[in-house]
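Participant: Below is one structure. I have some questions about it.
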């Protein structure tokens, strides 16, 4: 139960009653009606903007509308007090019994707590990673992979029908370079001294096993034939080998896509021709000459006629080329075909996760989506900023195996997938992130993944301790779940329960904004409140979770902290992180 949605529906019903009674106009727009926690908890448990929202269309003073509503809000179940504040905010306080019932919801739902029907089963396509199949994943890919995977899981929890997709860029010149690099390693596997890797080829050691596998399969079949003969088959072999490597890297991170789409296959199937023909029929493709770039004119600039898409008609800064001078399609043209293919597969809502270096590409793709779908498709592009990899404040050296970068595998091997996943989600995707090996593995409250995991482990430690002190039969699951929650009356206990009950709202708001980092912030707050209550128990025996001579109160407090573990487990599940039972 999202209690804020519940009360929003209740207040909307009260507004309808006032309209029916002639005290407010009919047909008021309640689209921006909010019910949320007040910024200052001392003001109450929930607050609504209803009076200010309705003042102008109702032609009444906000506080007059607030007075009408407050009189009715007082009769709602669970409401014990109503105050009108400021320009017309209606602040409400809820009974302890109401909060105890909400804790029961947390206990009954387990880690499914927070599941929502908000998405109503609507289909959404989340495309992420989509690294060129030219080598292993690097740490920069890790951030986009984790972000996309967590966003997909968040949308799934919020009730959407989610497809996790990877777009294989296997039709460009980079895969020809890959094939030539593989041929060199193939010759090396056959005993040839290849010397230094030539400039322009991929130097990483990761191609050595692929060269050896090719030599074992085909012997010296490709050693002396012309490049035109060996390039196509080696291109296919190299792409397959690199995609297997990428999938292995993603598996180490706990990332698994449900669909892989090949750019090469789209081109071969005529999808690009089809998309461009569609736009041409709409009068959106033309032959023209672009203005030179603003500022300093490049030395190689030449004015020439090109095949252009009218991107400016859909919000872009300039029209965009769809064909290169050699007659082949631009990347933009194939990307347009790919997104049209997604739309025709039933995905009007599309989310792409890209690296920050693609920021200049966003407007043109969104313009293309508008043109190709008649405005019915939407594209939200989430740009992930770079990750600065450090160790005790010093930059981490590059990986020998990759030749140019620190691999994702290196990072996961060093700290584990759960640490990588959680830390990658502790900042908004478009903010820079520093990943320091020393800091992300230290056991302190400054390390967010440790702090949250420690809360979950501490709950389990208390449960084990209670079983030892009171006997396992006394604190078995049905006894904890059936505890008299009315014994939880300390303000710090009620505050913890109230914070737990913000989780469904966090799920829905984070899913709506496409911002999974909000979960990391929330889990940190929840863990902090739990640890704070633990510390109070050290200072005051009456607040300890286990009271040896009061089994009823102990069971109520065990139920409360099990609720904390349920919510933390629910959040970590979205993150793809396994909750720990004990810290080692």
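The values are calculated or read from the model by the stated rules, or taken from the named source; none is laboratory data. Just so it is clear, the model here is predicted, and its values are computed rather than measured. For neighbour counting, all protein chains shown are included, and Cβ atoms are generated from backbone atoms with ideal geometry for every residue, glycine included.
For every residue, the table says whether it meets (1) in a helix (DSSP H, G or I); (2) loosely packed, with under 15 Cβ neighbours inside 10 Å; (3) out of contact with any strand residue (DSSP E or B) (no Cβ under 6 Å at 6 or more places or on another chain).
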| site | (1), (2), (3) |
| --- | --- |
| 185 | yes, no, yes |
| 197 | no, no, yes |
| 229 | yes, yes, yes |
| 233 | yes, yes, yes |
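Participant: Quick check on segment 215-231. Is at least one of its residues at positive phi and modelled with pLDDT of 95 or more?
Facilitator: Filtering segment 215-231 down to residues at positive phi leaves 219.
In the following step, the residues that additionally are modelled with pLDDT of 95 or more were identified as 219.
The answer is yes; a qualifying residue exists.
Participant: A further question follows. If a residue counts only when it is assigned by TED's automatic domain parsing to the domain that holds residue 167 and in contact with a helix residue (DSSP H, G or I) (Cβ under 7 Å, 6 or more places away or on another chain), which helices (runs of 4 or more DSSP H) contained entirely in segment 338-445 have at least 3 such residues?
Facilitator: 362-373
Participant: A further question on this structure: Being within 32 Å of the chain's Cα centre (by Cα) and at pLDDT 95 or above: is that true of residue 45 here? Can you show your working first?
Facilitator: Values: within 32 Å of the chain's Cα centre (by Cα): yes; at pLDDT 95 or above: yes.
Here the answer is yes, as residue 45 does meet what is asked.
Residues checked against (1) touching a helix residue (DSSP H, G or I) at 6+ places or on another chain (Cβ under 7 Å); (2) surrounded by 14 or more Cβ atoms within 10 Å (Cβ to Cβ); (3) farther than 26 Å from residue 500 by Cα:
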residue	(1), (2), (3)
54	yes, yes, yes
108	no, no, no
113	yes, yes, no
117	no, no, no
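Participant: I've got another one for you. Could you list all residues from segment 505-556 that are buried (at least 19 other Cβ atoms within 10 Å of the Cβ), under 20 Å from the mean Cα position of the chain (by Cα) and over 29 Å from residue 446 (Cβ atoms)?
Facilitator: Selection gives 508 alone.
Participant: Follow-up question, since we're still on this one. Can you find even one residue in segment 200-208 that is farther than 21 Å from residue 129 by Cα and not in a loop (DSSP other than H, G, I, E, B)? Write out each step before concluding.
Facilitator: Going through segment 200-208, the residues farther than 21 Å from residue 129 by Cα turn out to be 200-201, 203, 205, 208.
With not in a loop (DSSP other than H, G, I, E, B) added as a condition, the list becomes 208.
Yes: segment 200-208 contains one or more residues that are farther than 21 Å from residue 129 by Cα and not in a loop (DSSP other than H, G, I, E, B).
Participant: Testing residue 43 on (1) more than 19 Å from residue 116 (Cα to Cα); (2) crowded, with 19+ Cβ neighbours inside 10 Å, one condition comes back false. Which one is that?
Facilitator: (2)
Participant: Among the residues of segment 334-349, write down those that are without any contact (Cβ under 8 Å) to a residue 40 or more places away in the chain and either within 22 Å of the chain's Cα centre (by Cα) or at positive phi (or both).
Facilitator: If the condition is that a residue be without any contact (Cβ under 8 Å) to a residue 40 or more places away in the chain and either within 22 Å of the chain's Cα centre (by Cα) or at positive phi (or both), then 343 is the only one that fits.
Participant: While we're here: Name the single residue that is nearest to residue 406 (Cα to Cα) among those in segment 136-148 being crowded, with 24+ Cβ neighbours inside 10 Å and in contact with a helix residue (DSSP H, G or I) (Cβ under 8 Å, 6 or more places away or on another chain).
Facilitator: From segment 136-148, those crowded, with 24+ Cβ neighbours inside 10 Å are 137, 141-148; that's our starting set.
In the following step, the residues that additionally are in contact with a helix residue (DSSP H, G or I) (Cβ under 8 Å, 6 or more places away or on another chain) were identified as 137, 141-143, 145-147.
Numbers: 137: 9, 141: 10, 142: 11, 143: 13, 145: 15, 146: 17, 147: 19 Å.
Top of the filtered list is 137.
Participant: Still on this structure: Considering each of 216, 212, 174 in turn, give the residue that is over 27 Å from residue 405 (Cα atoms) and either touching a residue at least 40 places away in the same chain (Cβ under 8 Å) or part of a helix (DSSP H, G or I) (or both). Lay out the reasoning, then the answer.
Facilitator: Numbers: 212 fails: over 27 Å from residue 405 (Cα atoms); 174 fails: over 27 Å from residue 405 (Cα atoms).
After applying the criteria, what remains is 216.
Participant: Only residues that are surrounded by fewer than 17 Cβ atoms within 10 Å (Cβ to Cβ) and under 20 Å from the mean Cα position of the chain (by Cα): list them for segment 429-481, please.
Facilitator: Of everything in segment 429-481, those that are surrounded by fewer than 17 Cβ atoms within 10 Å (Cβ to Cβ) and under 20 Å from the mean Cα position of the chain (by Cα) turn out to be 430, 431, 432, 434.
Participant: Kindly provide the set of residues from segment 57-70 that are in contact with a helix residue (DSSP H, G or I) (Cβ under 9 Å, 6 or more places away or on another chain) and within 14 Å of residue 25 (Cβ to Cβ), ordered by number.
Facilitator: 58, 60, 64, 65, 68
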